[in-house]
Amino acid sequence: MSYRKPGLWFSAQKVEVEDVARAHRKPCLGCGKLPAGRRLKIVRGTGRHQQTDIYCVGCGEQWLNRMEVEASRARRYLRQDIGAMYVDSIRVDPEVQDA
């Protein structure tokens with residue numbers, strides 16, 4: 001089990017759903033293919049340290065499901081359920097872990 005600081009679950013981020021245009025050439029972060037139709041765009045951070053992640057529909061749904069798990073964990077902690085702070089057998093992305 002690892003301990004996570006409760007204030008670091010959600011950083012400054014903006015989530016948008018966009019219709020894919022001809023000018024959109026950035027591939028999906030999850031599968032590496034160019035999104036078709038619609039895409040999920042996540043902008044993390046602010047100013048010149050901002051990062052943009054692009055996901056296709058399938059990978060975007062997986063990302064939203066992970067965020068749903070994180071939100072439920074934050075809700076449990078808000079209600080003083082201390083066990084919500086402990087992460088058990090959930091893989092944390094290295095870039096999220098370093099933040």
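Viscosity 1.002 mPa s, temperature 20 °C: Stokes-Einstein D of the range 2-81 from its Kirkwood Cα radius, in µm² per second? The estimated diffusion coefficient comes to 152 µm²/s.
Going by neighbour counts of Cβ atoms within 10 Å, the residues Lys41, Lys33 line up, fewest first, as Lys33, Lys41.
Under 10 Å from the Cβ of Asp19, count the other residues' Cβ atoms, weight Lys and Arg +1, Asp and Glu -1, and hand me the total.
Details: positive: Arg38, Arg39; negative: Glu18.
Around Asp19, the surrounding residues sum to +1.
Taking a sphere under 12 Å around the Cβ of Arg38 and counting the other residues whose Cβ falls inside, with K and R at +1 and D and E at -1, yields a net charge of -2.
Would you work out which of Leu78, Pro35, Gln50 lies farthest towards the positive end of the dipole of the range 2-81? Charges go on Cβ: Lys and Arg +1, Asp and Glu -1. Checked the options; the winner is Gln50.
Mean separation of Cα pairs under 8 Å and 6+ residues apart, divided by the residue count of the range 2-81: what relative contact order is that in percent?
Working: 94 pairs, mean separation 22.0, N = 80.
Once normalised by length, the contact order is 28 percent.
Note down the net charge around Gly58, summing +1 for each Lys or Arg and -1 for each Asp or Glu among other residues with Cβ under 12 Å from its Cβ. It would help to have the intermediate numbers written out before the result.
Values: positive: Lys33, Arg38, Arg39; negative: Glu61.
Spelling it out: positives minus negatives among the neighbours equals +2.
Read-outs throughout are calculated quantities, based only on the coordinates presented, and are distinct from any laboratory measurement. Model, not experiment: these values are computed from the prediction. All Cβ positions, glycine included, derive from the backbone under ideal geometry; neighbour counts span all protein chains shown.
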